[in-house]
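Have a look at the structure below before the remarks.
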Amino acid sequence: MSDHVDGPRSIGDPAADLSDLFAFSSPENPERTVLGLFVFPFAGTSALFSNVVDHSFVVRRARVAGRGNAARFTTSGKEYRFSCRFDVLGPASQGGSQAQRGTCTLPDGQTLSLIVNDVQGASTPDGVYRVFAGLRSDPFYLAWLFATLKKAPNLLEHDNALCIVVEFDARRALDAGSGALFGVIAETKPIHKPGALIGHDPPRFDRVGRPEQTNMRLNNPALAGTDDLRDLWNQQDPFTLPDKLRPLFHQRMMDSLQNWDLRDGKADWTRAQMTASANVFNDDFILFDVSKPTTDESFLEIEKSTIQDVPYRTGGGRTVDANVIDMLITWMVNRDREFLQGGATQATQRGTKTFPYFAPPNAQVQTIAESVDLMATPDQVWALIGAFGGQWHPLIARIDLTGSGIGQLRRIETIDGKHIVERLEAQDDAQRSYRYSNVSGIPAEGYMGTLEVKPKDAGSSVAWGVQYLADGQPTVAVKTVVSQLLGAGLASLKARFGTPK
């Protein structure tokens with residue numbers, strides 16, 4: 001998913017997992033350039049930036065070094081680096097609620113202090129730079145199942161991630177008068193702490209350039225039996241990919257593109273064109289030209305035009321609302337012969353036209369409600385399911401209770417080995433209902449469930465509902481888990497008590 005969960009290392013360390021990178025001209029002032037990165041995908045509303053990670057944009061001046069089947073881009077050795085580090089949670093400046101602070105070091109050596117989630121951001125005295133950091137709605141949307149190329153709803157609906165935005169005057173910050181074409185990546189690296197007794201820090205935790213280099217190209221799910229190259233890829237400097245590894249990644253790019261090309265049963269790419277594409281995409285950075293306009297349609301236009309041996313017309317880059325997955329799939333499957341539209345046309349929220357350009361975090365409480373009508377009386381049903389520790393659910397292997405009454409904990413072991421801890425918040429046997437919260441085991445915050453039995457005709461009706469905000473997993477994944485729990489439980493009651501005709 002763009003660059004979400006792009007390898008075993010990032011899956012194990014989500015706070016350092018870069019999920020997206022953007023480069024576009026500011027809608028407020030086209031003379032200014034905006035870079036945005038996202039880290040910590042599926043973050044909850046209380047998520048913080050890691051205080052042991054250096055979050056950086058790295059920009060180099062680029063040039064077209066070949067066209068057509070010899071298409072290639074090279075970059076200069078000089079780097080323009082924007083690096084942000086964050087402290088642990090501390091007191092707010094007014095002495096109120098706690099806040100996280102950060103410091104960003106800019107290409108000219110200036111440092112800029114900021115407060116996380118301050119939508120005004122922070123600016124340098126000369127006005128050249130402005131920076132924001134905080135939780136935002138995930139701007140990426142994915143509406144395909146990659147392995148089968150089947151349309152789907154947006155699989156990242158309602159998800160959030162942590163975001164860093166830098167806006168600047170490119171003429172002054174990047175010396176754009178010496179050349180307007182640039183390549184940009186984002187990377188997360190360990191903050192070096194001398195004195196380690198064993199080993200050394202990895203060169204980086206994660207990096208991202210163009211969307212879906214890892215999960216669609218290197219780890220194409222339709223290429224069965226291939227090695228996962230994503231962690232190896234993420235450790236390399238995309239501007240200077242080692243010669244000894246270039247053939248390995250090049251071959252995977254070729255194999256993957258050939259597979260995508262044939263997904264519709266037609267071959268639209270020649271071998272030479274595939275080779276040119278693999279050469280270009282092996283050097284993984286977003287290209288943007290600050291002298292030309294960036295639009296929602298300019299994504300990959302610089303790369304595609306150069307491969308097609310025509311001058312590029314736009315600023316390339318990647319805007320907040322660019323439909324990058326459909327554009328990328330269309331390019332790989334049929335080389336832009338026919339546009340392929342997935343199952344969604346926008347992210348949960350569209351971007352804004354004002355700083356910091358990415359939409360506020362999603363805070364809509366998600367609700368799952370299921371019910372079933374039964375032939376048994378309410379008392380008969382409540383006698384089975386009314387005890388907080390009752391082991392009537394078919395997906396539960398074991399329940400252990402701690403305490404009694406309100407505040408009682410139940411430790412659940414499911415039949416597939418998962419462990420869930422829930423707390424009793426309220427119980428009313430007269431009304432045949434109880435309410436409980438999740439302590440651990442479900443990746444959600446504000447999780448509250450209610451189970452109740454009501455009379456209905458000659459039998460009864462059981463209603464089971466849950467409210468939550470996903471935290472650490474996609475909202476759709478949490479919904480799937482909770483829906484399965486509720487659905488399996490109510491289905492077992494239907495089998496036990498029967499349903500009205």
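Some notes on this structure:
- The 3J(HN,Hα) values that the Karplus relation (6.51, -1.76, 1.60; θ = phi - 60°) gives for the stretch 425-430 are, in residue order, 9, 7, 8, 9, 5, 5 Hz. Gly and Pro appear as x.
- Unit charges at the beta carbon, dipole of the chain: most positive-side option, SER433, THR377, PHE140: PHE140
- Those lysines that a straight Cα-Cα span of less than 28 Å connects to LYS292, excepting residues fewer than 8 apart in one chain: LYS78, LYS304, LYS353
- Between GLY44 and GLY472, the built amide H atoms are under 5 Å apart, and every one of these is 5 or more places off in sequence or on another chain.
- Residues with amide H under 5 Å from that of ARG210, placed H, sequence gap 5 or more: PHE285, ILE286
- Only helices enter the 222 nm calculation for the chain: every DSSP H run of n ≥ 4 contributes -39,500 (n - 2.57), and dividing by all residues gives -5500 deg cm²/dmol, rounded to 500.
- Sorting LYS193, LYS150 by the number of Cβ atoms found within 10 Å of their own Cβ, with the fewest placed first, yields LYS193, LYS150.
- Placing unit charges on the Cβ atoms of the charged side chains and taking the dipole of the chain about its Cα centre, the candidate lying farthest along the positive direction among GLY121, PRO443, MET327 is MET327.
- For the stretch 242-272, applying the loop criterion from DSSP together with a ceiling of 16 other beta carbons within 10 Å to the trypsin sites (Lys or Arg not before Pro) yields LYS244, ARG263, LYS266.
- Think of each Lys and Arg Cβ as +1 and each Asp and Glu Cβ as -1; about the Cα centre, that makes the dipole of the chain roughly 480 debye.
- Within straight-line reach of LYS501, meaning a Cα separation under 25 Å, sit the following lysines at least 8 residues removed in sequence or on another chain: LYS454, LYS456.
- Between SER483 and ALA152, the contour length at 0.36 nm per residue exceeds the Cα-Cα span by 117.4 nm.
- Counting only cysteine Cβ atoms and a cutoff under 4.7 Å, the chain contains unmatched residues CYS163.
- Relative to the Cα centre, the charge distribution of the stretch 334-389, modelled as +1 at Lys and Arg Cβ and -1 at Asp and Glu Cβ, gives a dipole magnitude of about 560 debye.
- Additional length obtainable on full extension of the chain from SER291 to ALA426, 0.36 nm per residue less Cα span: 42.3 nm
- Among 278-289, 368-379, the order from most to least packed when residues are scored by Cβ within 10 Å on average: 278-289, 368-379
- Note that the stretch 443-450 has calculated 3J(HN,Hα) couplings of x, 8, 10, x, 6, 9, x, 9 Hz, one per residue in order, obtained from phi through the Karplus relation 6.51 cos²θ - 1.76 cosθ + 1.60 (θ = phi - 60°); glycine and proline are x.
- Cα gyration tensor shape of the stretch 79-195, rounded if a/c is under 1.5, else prolate or oblate by comparing a/b with b/c: oblate
- Potential lengthening of the chain between ASP228 and LYS494 amounts to 91.3 nm, from the contour at 0.36 nm per residue minus the alpha-carbon distance.
- Placing unit charges on the Cβ atoms only, positive for Lys and Arg and negative for Asp and Glu, gives the stretch 69-209 a dipole magnitude near 340 debye about its Cα centre.
- Anisotropy class of the stretch 228-308 from Cα gyration tensor, a/c 1.5 cut: oblate
- Where labels lie 7 Å past Cα in the beta-carbon direction, separation of VAL88 and ILE198 in nm: 2.4 nm
- Zone of ARG350's modelled label, taken as backbone nitrogen in the stretch 6-29 under 18 Å from a point 7 Å along Cα→Cβ: 25-29
- Counting only the Cα atoms, the chain fills a convex hull of 194 Å³ per residue.
- All aspartates and glutamates inside 17 Å of LYS189 as judged from Cα atoms, apart from same-chain residues fewer than 8 positions distant: ASP3, ASP6, ASP13, ASP17, ASP20, ASP54, GLU79, ASP87, ASP201, ASP206, ASP231, ASP237
Laboratory data are not the source of any read-out in this text; all were calculated from the coordinates shown. Since this is a predicted model, take the numbers as computed values, not measurements. All Cβ positions, even for glycine, are placed from backbone atoms using ideal geometry, and neighbour counts span all protein chains on display.
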